[in-house]
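This report concerns only the one structure given below.
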């Protein structure tokens, strides 16, 4: 019973994080483009996409590692786990490197967009602080 509640809670939190990232992107891309220019807006959009992809890969890596630790019948190779985990950093580094050749403004936007998941986590923490007393914590 507790495991089902935990999985439901985590699934709802993950969906809220995805929604928060999408909303933050939509709220941020147009003002950033208008205030700092098109190049910075493009960088922000690319950084946001890499941030969302990186967050998704992190979730998959943690899930696969947890399954492997629990020794379920679904086995994934260690190389796949390591590739997903460190591939995130390679993707970020490679994208940042390529962007620096285009425009420094694009790089600044990219770095801000890359922090999208951090802002989404902050929103989720605030949500849990406000709604946590009536949600998961009372059921467990």
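Six or more apart or on different chains, Cβ under 8 Å: which pairs go from a residue in segment 86-109 that's without any contact (Cβ under 8 Å) to a residue 12 or more places away in the chain to one that's crowded, with 17+ Cβ neighbours inside 10 Å and in a helix (DSSP H, G or I)? Could you list them?
Sorted first by the residue in segment 86-109, then by its partner, the pairs are 100/107.
How about segment 55-140: which helices (runs of 4 or more DSSP H) wholly inside it have at least 2 residues that are modelled with pLDDT under 80, within 25 Å of residue 19 (Cα to Cα) and in contact with a helix residue (DSSP H, G or I) (Cβ under 7 Å, 6 or more places away or on another chain)?
78-102, 136-139
Quickly run through segment 34-48 and pick out the residues that are assigned to a helix (DSSP H, G or I) and touching a residue at least 40 places away in the same chain (Cβ under 8 Å).
36, 39, 40, 41, 42, 43, 44, 45, 46, 47, 48
The values are calculated or read from the model by the stated rules, or taken from the named source; none is laboratory data. Just so it is clear, the model here is predicted, and its values are computed rather than measured. Ideal geometry is used to build each Cβ from the backbone, glycine not excepted, and the neighbour counts take in all protein chains shown.
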